[in-house]
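The values are calculated or read from the model by the stated rules, or taken from the named source; none is laboratory data. Keep in mind the model is a prediction, meaning the values are calculated, not measured. As a convention, Cβ positions derive from the backbone with ideal geometry for all residues, glycine included, and neighbour counts pool all protein chains shown.
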Amino acid sequence: MRILNRYILFDYLVIFLSALGLITFVMTAGALIKAVDLMARGISAGLIVRFFIQNVPYILSFSMPISTLFAALLLFGRLSMDSEISAMKSCGISLWRLAAPLLLLSVLFTGICVYINCEISPAAKFANRKLLSTAGVEAPLNLLEEGRFIDDFPGLMIYVSKKTGNTVKDVVAYELNKDGSVRRNIRAASGDIEADNENRILTVKLYHVRIEMPDAEDPHDISKTTYVNAEYYPIRLDFNQLFKSDGKVSQKRNHTKSSELIKRIRKIDEDYVMLSPEKRQIEKTKLLVEANERISLAVSCFTFMLIGIPLGVKSHRRETSVGMILSLGIVFAYYFFIVIAESLTDYPALHPNLILWLPLVAAQLGGFWLIKRAS
């Protein structure tokens with residue numbers, strides 16, 4: 001059995017590594033387009049190389065599961081086509097016995113992906129964002145992220161509930177004094193964004209505005225607060241101010257390591273006390289979806305191996321094209337659920353973080369059943 005295990009594992013790893021290299025290369029097309037843009041802006045070759053290297057962990061989080069599935073389909077399709085599966089069964093070797101070493105290997109792949117998705121990839125994406133920001137090539141419009149308080153600009157905190165292109169909805173802004181106290185509270189139903197990429201300045205033109213101004217001498221006395229309604233109120237965000245003090249760049253959800261992501265989930269009520277309970281729940285749901293997506297992507301290595309082995313046996317094909325088509329179909333079905341979950345983050349009652357696990361559980365149950373039936 002050791003010889004058989006080595007035979008199966010060696011053939012699988014050859015196909016897997018070949019597929020991983022090819023798929024990873026193909027998926028770098030987006031980074032290549034960005035690199036061309038960087039070159040056009042006169043960015044040094046060293047920074048472009050760093051940009052490419054720091055993109056690799058994010059790409060691996062997708063290419064490893066796909067390669068796991070593709071290699072399983074192609075290997076067992078070839079073994080079935082050459083009647084090697086039938087010969088092994090006639091010797092009393094079940095499909096479970098053949099699949100066991102590969103399933104253990106997929107558990108190892110899952111562990112590697114968990115580490116990449118939870119630690120390396122967020123850090124690499126954040127490093128790339130800092131690289132692009134300090135190089136002055138990231139559009140200022142991208143800084144105004146929806147569903148999160150932006151407090152990177154001196155003397156200002158701003159929250160945007162929804163952003164579609166250059167239009168924002170339900171905006172909350174706090175103009176602060178030097179001691180951190182609130183000088184002016186601004187709420188607007190909608191607004192338009194004008195981006196001056198050359199000077200790296202955002203102008204948020206707010207409409208249907210309500211302004212609350214606490215009394216300067218007694219800011220805690222609500223009865224002394226002044227309320228002003230206005231049809232229009234502009235807010236100017238100077239992108240350059242982000243790097244004048246300590247050079248820090250704010251972290252988005254997908255740039256945050258999972259340990260910090262869990263802390264943000266637990267402290268959601270403290271960190272977002274200025275938001276209504278409903279909006280705090282929406283923000284918590286977005287964090288939960290991000291955390292679950294990382295783990296589910298890693299677990300998909302095991303899932304794809306489990307479903308890929310029996311499907312490969314049933315396909316009776318050795319052709320690479322057939323394996324690729326089956327792989328793309330299964331992967332598309334899985335990533336479709338990821339898109340659904342991300343689109344439902346504004347509806348916490350639907351538990352979009354759990355939707356991510358539905359295709360994995362279904363595929364695992366189907367894989368166990370198919371292997372048992374084929375054995």
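Which of the helices (runs of 4 or more DSSP H) contained wholly in the range 266-375 include at least 2 residues that are modelled with pLDDT of 85 or more, in contact with a helix residue (DSSP H, G or I) (Cβ under 9 Å, 6 or more places away or on another chain) and of a type in the set (Asp, Glu)? Reasoning before the result, please.
Working: elements: 268-271, 277-315, 320-343, 352-355, 358-374.
Ranges flagged: 277-315.
Taking the options Ile43, Ile48, name whichever one is outside any helix (DSSP H, G or I), assigned by TED's automatic domain parsing to the domain that holds Ile307 and at pLDDT below 80.
Ile43
Looking at Phe76, is it buried (at least 22 other Cβ atoms within 10 Å of the Cβ), in a helix (DSSP H, G or I), out of contact with any Phe, Trp or Tyr (no Cβ under 6 Å at 6 or more places or on another chain) and among the hydrophobic types (A, V, I, L, M, F, W, C)?
yes
Would you please name the residue that is farthest from Leu105 (Cα to Cα), looking only at residues in the range 1-40 that are modelled with pLDDT of 85 or more and of a type in the set (S, T, N, Q)?
Once the filter is applied, the top-ranked residue is Thr24.
Output the qualifying pairs, or none if there are none: Cβ atoms under 9 angstrom, residues six or more apart or on different chains, first residue in the range 141-164 and on the phi > 0 side of the Ramachandran plot, second residue β-branched (Val, Ile, Thr) and at pLDDT 85 or above.
Final answer for the pair search is Gly147/Val160; Gly147/Ile282; Gly147/Thr345.
I'd like the residue in the range 119-145 that is in contact with a strand residue (DSSP E or B) (Cβ under 9 Å, 6 or more places away or on another chain) and surrounded by 15 or more Cβ atoms within 10 Å (Cβ to Cβ) and, out of all such residues, is modelled with the lowest pLDDT.
Pro140
Restricting the range 273-301 to residues that are in contact (Cβ under 8 Å) with a residue 12 or more places away in the chain and hydroxyl-bearing (Ser, Thr, Tyr), which is farthest from Phe70 (Cα to Cα)?
Within the range 273-301, the match that is farthest from Phe70 (Cα to Cα) is Thr285.
Return the residues of the range 14-28 that are among the aliphatic types (A, V, I, L, M) and surrounded by 15 or more Cβ atoms within 10 Å (Cβ to Cβ); say none if nothing qualifies.
Result: Ile15, Ala19, Leu20, Ile23, Met27.
Only residues in the range 334-355 that are assigned by TED's automatic domain parsing to the domain that holds Ser300 count as the first member; pair them with residues that are among the hydroxyl-bearing types (Ser, Thr, Tyr) and buried (at least 18 other Cβ atoms within 10 Å of the Cβ), Cβ under 6 angstrom, at least 6 apart or cross-chain, and list the lot.
Thr345/Thr285; Pro348/Thr285; Pro352/Thr345
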